[in-house]
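Any read-out appearing in this document is the output of simple, stated calculations on the displayed coordinates, not a laboratory observation. Source: prediction; values computed, not measured. Positions of Cβ are backbone-derived with ideal geometry, glycine not excepted, and every protein chain shown enters the neighbour counts.
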Amino acid sequence: MRKLTPDSLAISEEPHPIGVFDSGIGGLTVAAALRQLLPGEDIFYIGDTARVPYGGKSATTIQRYSREISDLLLAESAKIIVVACNTASALGVPRLKETLHVPVIGVIQPGAEAAVRATQNGRIGVIGTRGTIASEAYQRAIYALDAKVTVSSQSCPILVPLIEEGWIDDPISDAVIERYLEKFVSNGIDTLVLGCTHYPLMREAIQRFVGPGITLVDSAANCALAVRDLLQEKGLFAPVNHRGNLRVAATDATDGFLRVAEKALGIDVGEVELRTVRGGS
Ligand code: DGL
């Protein structure tokens with residue numbers, strides 16, 4: 001396989017894919033947003049289903065996983081790496097940016113920027129996995145943009161398994177959402193960041209509970225906009241008239257959740273390819 005360097009990328013006529021990864025299938029929310037915004041781009045997506053969930057693992061482990069999956073994407077000639085996982089964005093992106101030869105983009109910074117733009121009263125809430133919330137990555141990103149806002153956060157570890165079970169519109173999920181979010185609706189936030197790439201699949205149920213007065217910030221849509229800006233800035237758009245496609249690979253079985261995500265997102269992922277992680281579990 002031809003080795004890519006930043007120079008070869010800039011002058012390349014061959015369409016190289018955007019490499020996207022998540023701990024599992026939740027990052028397909030980002031892939032779907034990219035397909036919609038950038039239909040001319042090829043996307044190669046890898047879900048690390050052999051090692052999902054990332055949400056409760058240490059920073060060292062997440063950094064290793066992020067590097068190993070990025071290497072699989074680089075082996076597919078990815079021109080940029082999109083980290084479609086908040087946990088890996090919070091804990092793995094800084095190291096990837098230092099060490100990879102292609103641009104790397106995560107979901108935290110675009111989500112933080114969108115939240116600061118959206119808030120009217122300066123009170124922002126963030127929900128995510130334990131790893132994302134404990135890292136305080138959203139707080140740092142938001143305060144760096146606007147030191148006057150207040151940020152409150154809540155980890156919601158049970159939401160990911162409920163979504164993976166397909167209980168997207170279900171009274172049990174509604175009760176869990178209420179348990180996690182009731183403090184937010186009473187503490188006056190006007191903006192809530194869905195800081196996990198699974199959560200957009202439960203967007204309607206979350207909006208129903210928090211009510212129309214709270215704006216939901218979706219990391220998937222905002223990440224896609226940031227990817228478009230990055231491709232523009234680096235001169236990395238696919239050739240005009242190229243029709244993009246989506247290829248999906250996983251490091252283990254994808255079970256029923258893939259079909260849940262396909263249906264909810266209105267995308268067709270076709271045959272899922274298998275990729276093996278050299279580093280193991
Ligand atoms: N999609 C992951 C994220 O955005 C959550 C799933 C996991 O815990 O691996 O953080």
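Remarks
- Inter-label distance for ASN187 and GLN36, nm, one decimal - labels placed 7 Å from Cα along Cα-to-Cβ: 3.0
- Among 240-248, 80-88, the order from most to least packed when residues are scored by Cβ within 10 Å on average: 80-88, 240-248
- Once Rg and the Kirkwood radius are both taken over the C-alpha atoms of the chain, their ratio Rg/Rh works out to 0.96.
- Once backbone amide H atoms are built at 1.01 Å from N, GLY24 has ASP48 as its partners under 5 Å, excluding neighbours fewer than 5 places away on the same chain.
- Partners for LYS79 among lysines (Cα-Cα distance below 17 Å; same-chain residues under 8 apart left out): LYS3, LYS97, LYS234
- Computed about its Cα centre, the charge dipole of the range 149-270 is approximately 400 debye, with only Lys, Arg, Asp and Glu carrying charge at their Cβ.
- Annotation: amide H of ILE43 within the under-5 Å range of ILE18, ASN245, LEU246, ARG247, sequence separation 5 or more or interchain, hydrogens built in the peptide plane.
- Förster radius 25 Å - calculated FRET efficiency between SER152 and ALA175 (Cβ-Cβ, nearest 0.05): 0.70
- In the chain, the calculated helix contribution to ellipticity at 222 nm averages -13000 deg cm²/dmol per residue, counting -39,500 (n - 2.57) for every DSSP H run with n ≥ 4.
- Positive-end extreme of charge dipole, the chain - chosen from TYR45, ILE172, ILE81 (charges on Cβ): ILE81
- Value of Rg to Rh for the range 177-281, rounded to two decimals, is 1.06; Kirkwood radius and Rg both from alpha-carbon coordinates.
- Hz values of 3J(HN,Hα) by residue in the range 92-104 - Karplus curve (6.51, -1.76, 1.60), Gly and Pro given as x: x, 4, x, 5, 4, 4, 6, 10, 8, 8, 10, x, 10
- As a rough guide to protection, the peptides 263-276, 189-202 ranked by mean Cβ packing within 10 Å, highest first, stand as 189-202, 263-276.
- The chain - charge dipole about Cα centre, Lys and Arg +1 at Cβ, Asp and Glu -1, debye rounded to 20: 660
- Counting only residues at least eight positions apart within a chain, or on another chain, the aspartates and glutamates with an alpha carbon under 17 Å from that of LYS57 are ASP22, ASP48, GLU68, GLU136.
- The chain: angle of helix 108-118 to the longest principal axis, Cα-based, in degrees nearest 10: 50
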